[in-house]
Amino acid sequence: MKKDEILGAFPEVSPADLNYLLCDIFSCNPAELSQYTDLPEDKVQLLLSWISRLNQGEPPQYILQKAWFYGLEFYVDARVLIPRYDTEVLCEALLKRLKGNEAVLEIGIGSGAISITLKSHFPGLSIQATDIDPGALEVAAINIKRHSAQIELIQADLFPQGEPKYDLIVSNPPYVCAAEYQSLDTMVQDYEPKLAIYAEDDGLAIYKRIIDKASNYLRDGGLLAFEHGNMQQQALLSLTESANYKTLQKGKDLAQRDRFLILQKQ
């Protein structure tokens, strides 16, 4: 069966989502997809079943249980947020600042994309990671095993017990406020975990809790790094400056929207 026949039969399906599925069938990357014209007969029914799920709003990453982040493949399902390319800019900025032997804490590990990316580039990092959701920790454990990364997982509400000291605390916490959550794509609202997306207090609730305690866990001169919503940077800067953090970097995402902060404990 011709690939274009399939594409033409489902004009309501996002081409990007359909291409994501086709790349898996042909075991190719998007740049190579145009080379493939004939869909193997044994894959036609499989693709049609996937398209049926797309039509119901299910993200293609959950259909395939696969997402890509910083060149690495991650297992994902509805227990975790799908890794976004916008988060890659934060990882890239942190990799430029790390020496490779630091103690790191990630708060809210989710799929493990950030911690595993850092560890894959700097195996000497000592990384602990927390998540309040046991389901998310199960997914992170799958990816940690897949990438042979030594990362200690801890079920906790933000910080681990005691006050171990870290050189870097990094978090991409829930930061979508109530009004913004209601305007999200239904694919996100219906399938991705609200626990990993929504936060009270105009989306700032988790940041405030982290900032309130982070200095107890950071060594002097240690780094605190956040991904944030594209309208939240100024509010976060006010909070961190009041808590005596120096701003090292205000970063933008791939669309040139404000997206992350890297701060230093003074």
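The values are calculated or read from the model by the stated rules, or taken from the named source; none is laboratory data. In this text, all values refer to a predicted model and were calculated from it rather than measured experimentally. No Cβ is skipped: glycine too gets one built from the backbone with ideal geometry, and neighbour counts run over all protein chains shown.
Here is how the numbers come out for the structure above:
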quantity	calculated
Every residue from the stretch 107-145 that is in a helix (DSSP H, G or I) and touching a Lys or Arg at 6+ places or on another chain (Cβ under 6 Å)	Gly135, Ala136, Val139
Residue that is farthest from Asn19 (Cα to Cα) [pool: residues in the stretch 37-59 that are touching a residue at least 40 places away in the same chain (Cβ under 8 Å) and surrounded by fewer than 12 Cβ atoms within 10 Å (Cβ to Cβ)]	Glu41
Tally of residues being free of Cβ contacts under 8 Å to residues at least 12 places away in the same chain and small (Gly, Ala, Ser) across the stretch 222-259	2
Qualifying residue in the stretch 50-57 (condition: within 29 Å of Lys252 (Cβ to Cβ), outside the structural domain of Arg259 (by TED's automatic domain parsing), more than 15 Å from the chain's Cα centre (by Cα) and not hydrophobic (A, V, I, L, M, F, W, C))	no
Test set (1) closer than 28 Å to Ile63 by Cβ; (2) in contact with a helix residue (DSSP H, G or I) (Cβ under 7 Å, 6 or more places away or on another chain) - Lys145 fails condition number	(2)
Answer residue from the stretch 94-106, given it is outside any loop (DSSP other than H, G, I, E, B) and out of contact with any Phe, Trp or Tyr (no Cβ under 7 Å at 6 or more places or on another chain) and is farthest from Ser126 (Cα to Cα) among those	Lys96
Which listed residue, of Asp212, Asp220, is in the same structural domain as Pro173 (by TED's automatic domain parsing), part of a strand (DSSP E or B), acidic (Asp, Glu) and surrounded by fewer than 19 Cβ atoms within 10 Å (Cβ to Cβ)	Asp220
Unmet criterion (only one of (1) closer than 28 Å to Asp157 by Cβ; (2) in contact (Cβ under 8 Å) with a residue 60 or more places away in the chain; (3) assigned by TED's automatic domain parsing to the domain that holds Glu227) for Phe74	(3)
Tally, over the stretch 37-70, of residues that are at pLDDT 90 or above and either aromatic (Phe, Trp, Tyr) or not in a helix (DSSP H, G or I) (or both)	12
Residues of the stretch 85-102 satisfying the condition of being of a type in the set (S, T, N, Q) and surrounded by fewer than 16 Cβ atoms within 10 Å (Cβ to Cβ)	Asn101
Pairs with Cβ under 6 Å, 6+ apart, first in the stretch 183-206 and at positive phi, second part of a strand (DSSP E or B)	Gly203/Val176
Scan of the stretch 1-36 for residues that are free of Cβ contacts under 8 Å to residues at least 24 places away in the same chain, hydrophobic (A, V, I, L, M, F, W, C) and not in a loop (DSSP other than H, G, I, E, B), ordered by number	Leu7, Ala9, Ala16, Cys23, Ile25, Phe26, Ala31, Leu33
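The rows are residues; the columns are (1) buried (at least 19 other Cβ atoms within 10 Å of the Cβ); (2) over 17 Å from Leu105 (Cβ atoms); (3) in contact with a helix residue (DSSP H, G or I) (Cβ under 8 Å, 6 or more places away or on another chain).
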position	(1), (2), (3)
Asp157	no, no, no
Pro160	no, no, no
Tyr166	yes, no, yes
Val170	yes, no, yes
Ala179	no, yes, no
Thr186	no, yes, no
Gln189	no, yes, yes
Glu192	yes, yes, no
